[in-house]
Amino acid sequence: MFLPTNEKQFGFWKMRRRGMTNISIAKQIGITRQGVSQALLAIDDRIEASLREMARSNRIQVEKIDVKRGILFGKSIPFQTNAYIFVSEKHGMQVWYDHDGDCISCDEFTRCIEFIWDFAAELGIKLEKPQDPTKMAEELLEKIRELN
């Protein structure tokens, strides 16, 4: 399922994820609070459906979905490890697996760090350990779990 990141509903969702209330979004956009609530209910359904579809296609057993933050927590059936699916404003949908990687020699080193920093910023989470993508991801996931 395609997530319409350029639609108004997704914009409302991003604002709520950053901590804005429905009434604040309504005032900023110039519509009713009920209009914002209806739009958020619709985009929440789309985001949940997209997360579930991504989990199905990656053979991830769903354990929990946090629609308001755009995160699915699950278990990879083929890899037998924890798996996470994120909805990112900048990076779209991303699937991550718990693993001990050799990040320094990996071609994706810079992209991983960029994604982790960006996603943490989207959630308003400050990271303390910028040295290694695996450690950064562990810290980010720990802080996300504390929010739930």
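The values are calculated or read from the model by the stated rules, or taken from the named source; none is laboratory data. All of these numbers come straight from a predicted model, not from anything done at the bench. Positions of Cβ are backbone-derived with ideal geometry, glycine not excepted, and every protein chain shown enters the neighbour counts.
A few remarks follow.
- Criterion: within 18 Å of Gly19 (Cβ to Cβ), of a type in the set (A, V, I, L, M) and at pLDDT 90 or above - qualifying residue of Ala83, Ala120: Ala120
This table checks each residue for (1) of a type outside the set (Phe, Trp, Tyr); (2) more than 14 Å from Tyr84 (Cα to Cα); (3) in contact with a helix residue (DSSP H, G or I) (Cβ under 9 Å, 6 or more places away or on another chain).
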| residue | (1), (2), (3) |
| --- | --- |
| Glu108 | yes, yes, yes |
| Ile113 | yes, yes, yes |
| Ala121 | yes, yes, no |
| Ile125 | yes, yes, yes |
| Pro133 | yes, yes, yes |
| Ala137 | yes, no, yes |
| Leu141 | yes, no, no |
| Glu146 | yes, yes, no |
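- Set Arg52, Arg111: member being outside any loop (DSSP other than H, G, I, E, B) and either modelled with pLDDT under 95 or surrounded by fewer than 16 Cβ atoms within 10 Å (Cβ to Cβ) (or both): Arg111
- Residue within the stretch 108-117 that is touching a residue at least 40 places away in the same chain (Cβ under 8 Å) and not hydrophobic (A, V, I, L, M, F, W, C) present: no
- Filtering the stretch 29-49 to residues that are among the basic types (Lys, Arg) and surrounded by fewer than 15 Cβ atoms within 10 Å (Cβ to Cβ) leaves only Arg33.
- Within the stretch 128-148, restricting attention to residues that are surrounded by 17 or more Cβ atoms within 10 Å (Cβ to Cβ) and touching a Lys or Arg at 6+ places or on another chain (Cβ under 8 Å), the residue that is nearest to Ser50 (Cα to Cα) is Ile144.
- For the stretch 63-108, the set of residues classified as surrounded by 13 or more Cβ atoms within 10 Å (Cβ to Cβ), among the acidic types (Asp, Glu) and part of a loop (DSSP other than H, G, I, E, B) consists of Glu89, Asp98, listed by residue number.
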